[in-house]
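> One structure coming up, written as structure tokens, with questions to follow.
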Amino acid sequence: MPSFEYDQRYLQAGIEQLEAYLLARDLYWPIGINPPKGEPPYAQLTPGGLLLARQRLESTVETPTQQADLARLRQRLEAVCRQWRTAWGNKARQDFHARLKLWRDFLEEYREKPSAHFDRYGYEVGRRVQLHLLAGEAIDLPPAELEAVNGLDKLLRAIFRPGSFIWEAILISSFPSQTYWYLYGALKEESIEASL
């Protein structure tokens, strides 16, 4: 699991670059920072990445200083997003479209060969989380894309085995089961042809 410092650095750097990023055409923007020692390289800057980092930070706060830092970052992010509301909403829509394609592709790969892909679920489901977070930020999401998410959720329920929270336990408070049900279980290993 990324540390508080890992997500904090990403969020802080993203906020500092957000105006330039929002005015650019690119969806994926090099963040240009190094991770804390021993942690993986950063993904490129996207609205979904910022929203996921902010959400994870809510659970990993341990000290009053961290709480104050998070409150400051949250306020800065909200201020930039308000100032550039249309650009932020459009970029969030663009990110939603890209995440939906990646999520759909993963589920299709799983459908074709469950035994080769079911163990990727813990990573790939992050895209479904980002779809949820982006839906609240995007402007003018096409109804067909929202319907596609619902359709993929129906498929997911057919191949899903409910269980315990699949990410690190410290994150549970930021991802309640009523909303993020797909984080509470895993995919079945067997073929799902009969359920389609």
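Bear in mind that the values in this text are calculations on the coordinates, not laboratory data. All values derive from a computational prediction rather than experimental measurement. All Cβ positions, even for glycine, are placed from backbone atoms using ideal geometry, and neighbour counts span all protein chains on display.
> Name the residues of region 95-123 whose amide N is less than 18 Å from a point 7 angstrom out from the Cα of Q44 along the C-beta direction?
95-103
> Right, here's the next one. Computed from these coordinates, which is Rg and Dmax of the Cα atoms in Å: (1) 17.7, 58; (2) 17.3, 53; (3) 16.2, 51?
So the calculated entry is the one marked (2).
> What is the extension gain from E109 to R85, computed as 0.36 nm multiplied by their sequence separation minus the C-alpha to C-alpha distance, in nm to one decimal?
Values: separation 24, 0.36 × 24 = 8.64 nm, distance 3.57 nm.
This chain segment gains 5.1 nm when fully extended.
> On to the next question. Taking other Cβ within 10 Å of each residue's Cβ, how do R25, R76 sort, fewest first?
Result, fewest neighbours first: R25, R76.
> Add -39500 (n - 2.57) for each DSSP H run of 4 or more in the chain, then divide by its residues: what number comes out at 222 nm, to the nearest 500 deg cm²/dmol?
-20000 deg cm²/dmol
> Please enumerate, by chain and number, the lysines with C-alpha under 16 Å from the C-alpha of K101, excluding those fewer than 8 residues away in the same chain.
K101 reaches K91.
> Order the peptides 35-44, 87-96 from the highest to the lowest mean number of other Cβ atoms within 10 Å of their residues.
So the order, starting with the most tightly packed, is 87-96, 35-44.
> Also: Mind listing P(r) for region 93-195? All alpha-carbon pairs, 5 Å bins, whole percents.
Pairs per bin, as whole percents: 2, 12, 24, 24, 20, 13, 5, 1.
> Order of 48-61, 146-159 by packing, highest average Cβ count within 10 Å first? Mind dumping the intermediate values first?
Values: 48-61: 21.2, 146-159: 14.4.
Most protected by this proxy first, the peptides run 48-61, 146-159.
> Sticking with this structure for a sec: Rounded to the nearest 0.05, what FRET efficiency do Q67 and A13 have when you use their Cβ-Cβ distance and R0 = 22 Å?
The computed FRET efficiency comes out at 0.65.
> Still on this structure, please answer the following. Subtract the Cα-Cα distance of L23 and K101 from 0.36 nm times their separation in residues, and report this length gain in nm to one decimal.
Extending this stretch completely gives an extra 25.7 nm.
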